[in-house]
Amino acid sequence: MGVGRAIEVRHIRKKFGTFTALDDISFAIESGEIFGFLGPSGSGKTTMINILTGQLSSDGGQATILEKNSGELSADDLEQIGLVGDTSGFYEKMTLYPKLFIPQTTLCK
């Protein structure tokens, strides 16, 4: 990543039925910054991450990561992203070392 914005989110909206998970969310993260999402369960943290990584489409707004639309990221782009969640029950008994290579082995298939 070069100098400038690593992530930019403008007016993102996402609903699940009648539940509004994200409503007009905007922020920017500069290259080299460390950023975290904090909030109670159901506040939209995971939804925002899923939109940023292209796993979920938004209902409106724009999200770019590495200067690309979040829905158009390649496996090479995703390899440059560091993401740590607070829980990972599926991999609960796995040690740290194998967890580091999960994205590489799953995205390169």
Margin query: Going Cα to Cα from Lys15, which aspartates and glutamates come in below 13 Å? Please leave out same-chain ones fewer than 8 positions away.
Written below: Asp23, Asp24, Asp59
Next item on the list: Return the long-range amide H neighbours of Ala21 (sequence gap of 5 or more, or a different chain), with a cut-off of under 5 Å between placed amide H atoms.
Entry: Lys14, Lys15, Phe16
Check: By count of other Cβ within 10 Å, fewest leading, how are Leu66, Leu22 ordered?
Finding: Leu66, Leu22
Margin query: Give me the one-decimal nm value for the distance between modelled label points at Phe19 and Leu83, 7 Å along each residue's Cα-to-Cβ direction.
Written below: 1.9
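Rule-based calculations on the coordinates, nothing more; no lab input. Keep in mind the model is a prediction, meaning the values are calculated, not measured. Note: ideal-geometry Cβ built from the backbone for every residue, glycine included; neighbour counts use all protein chains shown.
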